[in-house]
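This report refers to the structure that appears directly beneath it.
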Amino acid sequence: MFYQKSSQDILKECDTLLLNGKKTALSSMQKENILKQNQDLAKAGLRVLAFGYKEYNLENLTFIGLISLMDPPRVESLEAVLQCKKASIKPIIITGDHVITATIIAKKIGIFEEND
């Protein structure tokens with residue numbers, strides 16, 4: 001079964017970590033490090049997914065890792081934003097991405113400007 005949650009929410013439910021094929025206790029320092037890695041990847045404009053699994057008879061998740069992928073804006077989106085602005089239409093971005101990732105993408109296509 002799959003659930004869509006933020007990396008932070010996934011980590012809250014994890015008490016173990018899969019490391020070199022073995023489950024080990026997940027420390028608060030490791031959680032902080034994982035969240036920092038998540039933040040760094042988001043700042044690079046990447047979409048970040050966190051993965052964990054749950055064994056049938058256990059309550060908490062085991063953290064597996066983060067995966068990041070590039071999901072660049074469509075080439076024509078920059079021109080579309082420019083045309084909207086010329087027509088006095090204020091474009092907005094609606095996304096389920098991390099706020100940092102969304103801000104980076106919005107900057108790339110001209111929706112987010114420094115004083116916003």
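The values are calculated or read from the model by the stated rules, or taken from the named source; none is laboratory data. If you're wondering where the values come from, they're calculated on a predicted model, not measured in any experiment. Cβ atoms come from the backbone with ideal geometry, glycine included; neighbour counts cover every protein chain shown. Please note that ligands, DNA and RNA were not included when accessible areas were found on the heavy atoms of the full protein model with its side chains. Shrake-Rupley method; radii C 1.70, N 1.55, O 1.52, S 1.80 Å.
Of everything in the stretch 69-111, what is of a type in the set (Val, Ile, Thr) and either over 19 Å from residue 38 (Cα atoms) or more than 19 Å from the chain's Cα centre (by Cα) (or both)? Give them in sequence order.
Once the filter is applied, which keeps residues that are of a type in the set (Val, Ile, Thr) and either over 19 Å from residue 38 (Cα atoms) or more than 19 Å from the chain's Cα centre (by Cα) (or both), the stretch 69-111 yields 75, 81, 89, 92, 93, 94, 109, 111.
Give all pairs with beta carbons closer than 7 Å in which a residue from the stretch 77-97 that is in contact (Cβ under 8 Å) with a residue 40 or more places away in the chain meets a residue that is open to solvent by 70 Å² or more (accessible area, probe 1.4 Å); count only pairs at least 6 apart in sequence or on separate chains.
Listed by first residue and then by second, the contacts come to 97/47.
Only one residue in 80, 42, 102 is in contact with a strand residue (DSSP E or B) (Cβ under 9 Å, 6 or more places away or on another chain), among the small types (Gly, Ala, Ser) and not in a loop (DSSP other than H, G, I, E, B). Which one?
So the residue among 80, 42, 102 that is in contact with a strand residue (DSSP E or B) (Cβ under 9 Å, 6 or more places away or on another chain), among the small types (Gly, Ala, Ser) and not in a loop (DSSP other than H, G, I, E, B) is 42.
Filter the stretch 64-94 down to the residues that are open to solvent by less than 60 Å² (accessible area, probe 1.4 Å) and under 24 Å from residue 40 (Cβ atoms) and list them by number.
Passing the criteria: 65, 66, 68, 73.
For the stretch 27-57, give me each residue that is closer than 16 Å to residue 12 by Cα, of a type in the set (D, E, K, R) and either surrounded by 15 or more Cβ atoms within 10 Å (Cβ to Cβ) or touching a Gly at 6+ places or on another chain (Cβ under 6 Å) (or both).
Across the stretch 27-57, the qualifying residue is only 31.
Test residue 4 against the criterion of being polar (S, T, N, Q) and surrounded by 13 or more Cβ atoms within 10 Å (Cβ to Cβ), and give yes or no.
The answer is no for residue 4.
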